[in-house]
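Novice: Just passing along the structure, written as structure tokens.
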Amino acid sequence: MAKKFACKAIGMDCGFEAKAENEEALLVQVKEHARTAHNMQQIDEATAAKISGSITEE
Ligand SMILES: [Zn+2]
């Protein structure tokens, strides 16, 4: 089952949405987006927890 994540789900004012076959592949996209779009070189634990909690299945 595909996994989905939207920046909006964690309260970001951002239209980014990612979709991937599994959580690992999804997180790669999300981290890349966070780095390039939100200037987050590192995702801290609190944000990582929010992200995991906001991943939905499609
Ligand atoms: Zn974003």
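Novice: Looking at the chain, what % of the alpha carbon pairs are farther apart than 14 Å?
Specialist: Pairs farther apart than 14 Å: 49 percent.
Novice: Measure nothing but the geometry: give the 0 to 90° angle between the long axis through the Cα atoms of 45-54 and the longest principal axis through the Cα atoms of the chain, rounded to 10°.
Specialist: 30 degrees
Novice: Can you give the local net charge around ALA37? Use residues other than it whose beta-carbon is closer than 15 angstrom to its beta-carbon, Lys and Arg +1, Asp and Glu -1.
Specialist: 0
Novice: What relative contact order, as a whole-number percentage, does the range 3-57 give when Cα pairs under 8 Å and 6 or more residues apart are counted?
Specialist: On the way: 55 pairs, mean separation 22.7, N = 55.
Answer for the range 3-57 is 41 percent.
Novice: When HIS38, HIS33 are ordered from fewest to most other Cβ atoms inside 10 Å of their Cβ, what list results?
Specialist: The most exposed by this proxy come first: HIS38, HIS33.
Novice: A further question follows. From the phi angles alone, apply the Karplus equation (6.51, -1.76, 1.60; θ = phi - 60°) to the range 31-41 and give each ³J(HN,Hα) in whole Hz, x where the residue is Gly or Pro.
Specialist: Residue by residue, the range 31-41 yields 5, 4, 5, 4, 5, 7, 9, 10, 6, 9, 5 Hz.
Novice: What's the local net charge at CYS7, with K and R +1, D and E -1, over the other residues with C-beta under 9 Å away?
Specialist: Local charge sum for CYS7: -1.
Novice: Applying a 10 Å radius around every beta-carbon, put 18-31, 39-52 in order of their mean neighbour count, most first.
Specialist: On the way: 18-31: 15.4, 39-52: 11.7.
In decreasing order of mean packing, 18-31, 39-52 become 18-31, 39-52.
Where a number appears in this text, it was derived from the coordinates with a stated rule and is not lab data. Everything numeric here is computed off the predicted structure, so don't read it as measured data. Because the Cβ atoms are built from the backbone with ideal geometry, glycine has one as well, and the counts that use them run over all protein chains shown.
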